[in-house]
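Enquirer: Have a look at the structure that comes next, please.
The values are calculated or read from the model by the stated rules, or taken from the named source; none is laboratory data. Model, not experiment: these values are computed from the prediction. All Cβ positions, even for glycine, are placed from backbone atoms using ideal geometry, and neighbour counts span all protein chains on display. Ligands, DNA and RNA are stripped out before the accessible areas are found, and what is left, the full protein with its side chains, is counted by its heavy atoms. Shrake-Rupley method; radii C 1.70, N 1.55, O 1.52, S 1.80 Å.
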Amino acid sequence: MENNPSSSKSGRKLVERDRRNQMKDLFSKLNSVLPPQSSREGISRPDQIGEAIDYIKNLQIKLEKMKEKKGNLTDIVRSRNATMNMEFKSPQFKIQQIGSVLEVVLVTGLDCPFIFNETIRILQEEGSDIVNASYTVLQNAVLHKIHSQVDESGNAASRISEKLKNCVNGR
């Protein structure tokens, strides 16, 4: 460059004009991501930037509160799932006899596969003939249904119920 004062002065003007245009573009981008406010026109740029800073800080606070709420909700869901898992830790059963048909409904957790075998063994020990056995898996539980034929005159349901209670309770 020459030592001409007018060319250096015009160079500085160009640099300054570019800087102002860049600041104007950046300020425009900042305003585009902020919620619209009608009163923003009459406020000075430093005050508008201050409002933007406050808005961002409020968003950060809201984000932290939401993260905390999410954590609390996640804990609640985990505890409910743990409770549901515990509900099926000990098998539950229901026995119903109508005439010679005996229906055994057994609900177990996924971790109790042998209780079904024990139920079949007890039914056979009591002289019942297994007609049908089915199961359904529901989330963390297994629902077993066993239909069998028993002697109508006997007390099969009460005897089988007592033996199943002893089996379930580990006696």
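Enquirer: What residue, among those in region 18-51 that are of a type in the set (A, V, I, L, M, F, W, C), part of a helix (DSSP H, G or I) and modelled with pLDDT under 90, is most open to solvent (accessible area, probe 1.4 Å)?
Expert: Taking the candidates together, the pick is 33.
Enquirer: Quick check on region 106-116. Is at least one of its residues of a type in the set (S, T, N, Q), over 21 Å from residue 151 (Cβ atoms) and surrounded by 11 or more Cβ atoms within 10 Å (Cβ to Cβ)?
Expert: Scanning region 106-116, I find at least one residue that is of a type in the set (S, T, N, Q), over 21 Å from residue 151 (Cβ atoms) and surrounded by 11 or more Cβ atoms within 10 Å (Cβ to Cβ), so the answer is yes.
Enquirer: How about region 126-161: which of its residues are free of Cβ contacts under 8 Å to residues at least 24 places away in the same chain, farther than 16 Å from residue 92 by Cβ and touching a helix residue (DSSP H, G or I) at 6+ places or on another chain (Cβ under 9 Å)?
Expert: 129, 130, 133, listed by residue number.
Enquirer: Any residue in region 49-66 that is closer than 15 Å to residue 35 by Cβ and without any contact (Cβ under 8 Å) to a residue 40 or more places away in the chain sitting within a Cβ distance under 9 Å of a residue that is open to solvent by 90 Å² or more (accessible area, probe 1.4 Å) and of a type in the set (Phe, Trp, Tyr)? List the pairs, counting only those 6 or more apart or interchain.
Expert: Cβ pairs passing all conditions: none.
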